[in-house]
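A short write-up of the structure that comes next.
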Amino acid sequence: MLTIAVSKGRIYQEALPFLAEAGIVPIDDPETCRKLILSTTRADVQLVIIRATDVPTFVEYGAADLGIAGKDVLLEHGAESLYEPLDLKIAKCRLMTAAHKNAPQISGRVRVATKYVKIAQQYFADQGVQAEIIKLYGSMELAPLVGLADCIVDLVDTGNTLKANDLEPRELIMNISSRLVVNKAAMKMKNAAIAELLAQFELTLAKR
């Protein structure tokens with residue numbers, strides 16, 4: 001049995017059609033079912049539904065053999081212990097800095113609100129900017145408005161939320177998409193099964 005960890009939200013919404021194209025369809029309706037472990041139409045594959053930030057941890061410690069997670073989550077987790085064989089090219093967005101539209105350009109010293117602490121620290125260090133990182137788990141857009149931070153680092157899709165709060169995207173840190181990650185021990189112990197699944201995913205990607 002192979003276990004694939006998938007998170008709720010946008011990745012979940014785009015991963016399910018991808019998995020279906022690869023012949024992996026949950027037997028229970030994911031929209032109405034409250035189960036967190038879902039059997040699929042492939043008897044040898046099950047899905048576990050968890051928080052996005054937990055996917056690398058589940059895979060790293062072998063609670064799941066494979067996982068689907070955004071590159072942002074993997075970088076923040078520090079997923080060097082995982083294989084990352086495929087970019088699934090789903091749930092695409094941009095990781096960017098953003099600030100109030102009337103704020104000056106960032107230089108010297110800056111306060112940054114973000115949940116991407118490691119990524120932000122590395123980015124501003126590379127820019128030669130001394131950054132004080134303020135960790136928030138949500139509502140990042142509020143930070144510049146109430147004086148908590150000078151700017152934010154967050155995912156940007158349409159930019160509508162930023163615009164509605166008088167913020168604007170500034171610098172692109174990286175383009176983000178969701179990746180397939182594999183537990184290293186599982187890759188050895190279940191090599192044939194995982195190799196077959198990877199081949200099916202590659203074929204699915206090629207047909208898109």
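The values are calculated or read from the model by the stated rules, or taken from the named source; none is laboratory data. Being a predicted model, the structure only gives us computed values, none of them experimental. Because the Cβ atoms are built from the backbone with ideal geometry, glycine has one as well, and the counts that use them run over all protein chains shown. Keep in mind that these areas ignore ligands, DNA and RNA; they rest on the heavy atoms of the full protein, side chains included. Shrake-Rupley method; radii C 1.70, N 1.55, O 1.52, S 1.80 Å.
Could you work out how far the C-alpha centroid of the range 14-35 sits from that of the range 171-208, in angstrom?
Value for the Cα centre distance between the two parts: 17 Å.
Suppose we flag GluC sites (Glu not before Pro) only when DSSP calls them loop and at most 10 other Cβ atoms lie within 10 Å. Which is the longest uninterrupted stretch of the chain?
Details: sites that count: Glu31, Glu80.
Counting only loop sites that pass the neighbour cut-off, the longest clear stretch is 81-208.
What number comes out for accessible area per residue over the range 80-208 if the probe is 1.4 Å? Units Å², please. Write out the running numbers ahead of the final one.
Details: 7100 Å² over 129 residues.
Ligands and nucleic acids excluded, the result is 55 Å² per residue.
Compute the acute angle (0 to 90°) between the alpha-carbon long axis of helix 117-126 and the principal axis of greatest extent of the alpha-carbon atoms of the chain; round to the nearest 10°.
In the chain, helix 117-126 runs at an angle near 60 degrees to the longest axis.
Considering only Cα-Cα distances, which of the following residue pairs are longer than 29 Å: Lys8/Lys163; Lys35/Lys118; Lys118/Lys190; Lys163/Lys207; Lys118/Lys207? Working shown, then result.
Numbers: Lys8/Lys163 26 Å; Lys35/Lys118 33 Å; Lys118/Lys190 32 Å; Lys163/Lys207 36 Å; Lys118/Lys207 36 Å.
Over 29 Å Cα-Cα: Lys35/Lys118; Lys118/Lys190; Lys163/Lys207; Lys118/Lys207.
How large is the dipole of the chain about the Cα centre if only Lys and Arg carry +1 and Asp and Glu carry -1, each at its Cβ, rounded to the nearest 20 debye?
Values: 24 positive and 25 negative charges, 11 e Å.
Computed about the Cα centre, the dipole is about 60 debye.
Mind sorting out which of [x] 1.37; [y] 1.13; [z] 0.94 is the real Cα Rg over 2.2 N^0.38 Å computed from the coordinates?
Calculated Cα Rg over 2.2 N^0.38 Å: the matching label is [y].
State the extension gain, in nm to one decimal, for the chain segment bounded by Gln13 and Gln200, taking 0.36 nm per residue of separation less the distance between their alpha-carbons.
65.3 nm is the gain from fully extending Gln13 to Gln200.
For the pair Thr57 and Lys135, how long in nm is the line joining their label points, each one 7 Å along Cα→Cβ?
Label-label distance for Thr57 and Lys135, simple model: 1.1 nm.
With charges only on Cβ, +1 for K and R and -1 for D and E, what is the dipole size of the range 37-102 about its Cα centre, in debye, rounded to 20?
On the way: 7 positive and 9 negative charges, 100 e Å.
For this selection, approximately 480 debye.
How big is the charge dipole of the range 169-208 about its Cα centre, in debye rounded to the nearest 20, if each Lys and Arg gets +1 on its Cβ and each Asp and Glu gets -1 on its Cβ?
Rounded to the nearest 20 debye, it is 80 debye.
Report the extension gain between Lys101 and Ala125 in nm, rounded to one decimal, defined as 0.36 nm multiplied by the number of residues separating them, less their alpha carbon distance.
6.3 nm
Using 7 Å Cα-to-Cβ label points, what is the Ala185/Glu168 separation (nm, one decimal)?
5.2
Taking all protein chains as present, what is the carbon and sulfur share of the accessible area of the range 36-195, in % to the nearest whole number, probe 1.4 Å?
Ligands and nucleic acids excluded, carbon and sulfur reach 50 percent.
Sort out the exposed loop chymotrypsin sites (Phe, Trp or Tyr not before Pro) in the chain (DSSP loop, at most 11 other Cβ within 10 Å) and tell me the longest stretch that has none.
Details: sites that count: Tyr61, Tyr137.
Between the exposed loop sites, the longest stretch runs 62-136.
Which value in nm describes the separation of the simple spin-label points at Lys207 and Ile27, placed 7 Å from the Cα toward the beta carbon?
In this crude spin-label approximation the distance works out to 2.3 nm.
Can you give me the relative contact order of the chain as a percent, contacts being Cα pairs under 8 Å and 6 or more apart?
26
Calculated FRET efficiency, Asp44 and Lys89, Cβ-Cβ r, R0 25 Å, to nearest 0.05? Can you show the working numbers first?
Numbers: r = 25 Å, r/R0 = 1.00.
Computed FRET efficiency for Asp44 and Lys89: 0.50.
Taking the chain as the reference, fit the longest principal axis to its C-alpha atoms, fit the long axis of helix 10-21 to the helix C-alpha atoms, and give the angle between the two in degrees, 0 to 90, nearest 10.
30
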